[in-house]
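Engineer: My structure is below; once you've seen it, I'll send some questions.
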Ligand code: FPP
């Protein structure tokens with residue numbers, strides 16, 4: 001759809017899905033990973049070029065050791081299992097967030113997959129150990145470092161876009177549509193800077209149950225905004 005280049009998703013409700021199916025929480029996350037695979041196909045069909053997913057927040061480290069290690073294992077095996085499929089489908093894999101918080105072995109796998117898939121024409125951005133305030137603070141520090149190095153020259157002339165180059169998403173367009181599943185109406189420290197002009201779509205559906213019908217509804221709500229705002233967009 002026109003004007004819909006980038007969709008970002010807060011994939012919420014895996015735990016509730018698992019509880020509803022009398023399964024362990026990690027089964028909910030596994031079903032969430034399957035929903036992510038389906039979502040990539042829906043996006044491709046719709047001509048979307050970027051999909052960003054909130055897979056692990058800076059807050060998620062506070063979850064039980066069992067859940068954190070389960071999620072890390074899931075991520076690691078996802079990379080191993082999907083490597084060839086992502087490459088074959090021309091999916092460019094990217095990670096944003098504090099990747100230095102992840103284990104060395106996962107960091108290596110991520111870097112290898114980013115390199116292996118760098119020529120893809122559809123970008124999957126996975127937010128890992130991600131928090132938007134942390135991202136903005138890191139960017140501000142790097143920005144200040146450069147400003148000091150250059151003796152503060154041209155500081156007043158700097159624009160928003162100049163600052164955005166310091167964010168993890170420097171080479172990724174802002175999301176046009178942000179979807180949050182499972183009934184919460186919050187941004188939870190996700191893409192705070194980048195969400196400035198995004199449309200939001202909230203649904204009670206739990207992330208593992210998010211299907212084509214749900215996707216179409218989200219797109220439909222986005223298309224209304226296009227009609228509403230038209231040339232006034234932004
Ligand atoms: C939120 O549901 C979901 C997460 C914290 C993890 C999301 C991770 C995946 C879907 C794994 C797939 C990603 C990759 C790249 C392999 P919740 O646990 O907060 O659910 P609840 O609110 O119902 O408890």
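Engineer: Report the residue, chosen from 209, 176, 162, that carries the largest GNM mean-square fluctuation when the chain is represented by alpha-carbon nodes joined by springs under 10 Å.
Structural biologist: 162
Engineer: Given axes a ≥ b ≥ c from the Cα gyration tensor, I'd like to know whether the chain is rounded (a/c under 1.5), prolate (a/b larger than b/c) or oblate.
Structural biologist: On the way: a/c = 1.59, a/b = 1.19, b/c = 1.34.
Judged from the Cα gyration tensor, the chain comes out oblate (a/c at least 1.5, b/c at or above a/b).
Engineer: Then there is this: Pick from 18, 142, 55 the residue whose mean-square fluctuation is largest in a GNM of the chain, springs joining Cα atoms under 10 Å.
Structural biologist: With Cα springs under 10 Å in the chain, the top fluctuation among 18, 142, 55 is at 142.
Engineer: While we're looking at this one, here's another question. For segment 50-166, what is the relative contact order in percent, using Cα pairs closer than 8 Å and at least 6 residues apart in sequence? Can you show the working numbers first?
Structural biologist: Numbers: 122 pairs, mean separation 41.4, N = 117.
Relative CO of segment 50-166 lands at 35 percent.
Engineer: How far apart, in nanometres, would the label points at residue 192 and residue 81 be if each is projected 7 angstrom from Cα along the Cα-to-Cβ direction?
Structural biologist: Taking the simple label geometry, residue 192 and residue 81 are separated by 3.5 nm.
Engineer: Here is a further query. How many nm is it between the label spots at residue 161 and residue 211, if each spot is 7 Å from the Cα in line with the beta carbon?
Structural biologist: 4.4 nm
Engineer: Using only the Cα atoms of segment 4-116, build the gyration tensor, take square roots of its eigenvalues as a ≥ b ≥ c, and label the shape rounded, prolate or oblate: rounded if a/c is under 1.5, else prolate if a/b is larger than b/c, else oblate.
Structural biologist: On the way: a/c = 1.71, a/b = 1.20, b/c = 1.42.
Oblate.
Engineer: So what is the 222 nm mean residue ellipticity for the chain from helices alone, if each DSSP H run of at least 4 adds -39500 (n - 2.57) and you divide by all residues, rounding to the nearest 500 deg cm²/dmol?
Structural biologist: Rounded to the nearest 500, it is -15000 deg cm²/dmol.
Engineer: Sorted from fewest to most neighbouring beta carbons within 10 Å, what does the list 207, 61, 17, 193 look like?
Structural biologist: On the way: 207 28, 61 11, 17 24, 193 16.
Starting with the residue having the fewest Cβ neighbours, the order is 61, 193, 17, 207.
Engineer: On to the next question. For a quick check: sort 179, 26 by the number of other beta carbons within 10 angstrom, fewest at the front. Let's see the in-between values first.
Structural biologist: Numbers: 179 28, 26 19.
Ranking 179, 26 by Cβ neighbours within 10 Å, fewest first, gives 26, 179.
Engineer: While we're on this one: Is segment 83-173 rounded, prolate or oblate when judged by the Cα gyration tensor, a ≥ b ≥ c being the square roots of its eigenvalues, rounded requiring a/c under 1.5 and prolate requiring a/b larger than b/c? Numbers along the way, then the final one.
Structural biologist: Values: a/c = 2.80, a/b = 1.92, b/c = 1.46.
It comes out prolate by the Cα gyration axes.
Engineer: Of 213, 115, 84, which is the most mobile in a GNM of the chain whose springs link Cα atoms less than 10 angstrom apart?
Structural biologist: Result: 213 has the largest fluctuation of those listed.
Any read-out appearing in this document is the output of simple, stated calculations on the displayed coordinates, not a laboratory observation. A quick note: this is a predicted structure, and the numbers were derived from the prediction, not measured. Positions of Cβ are backbone-derived with ideal geometry, glycine not excepted, and every protein chain shown enters the neighbour counts.
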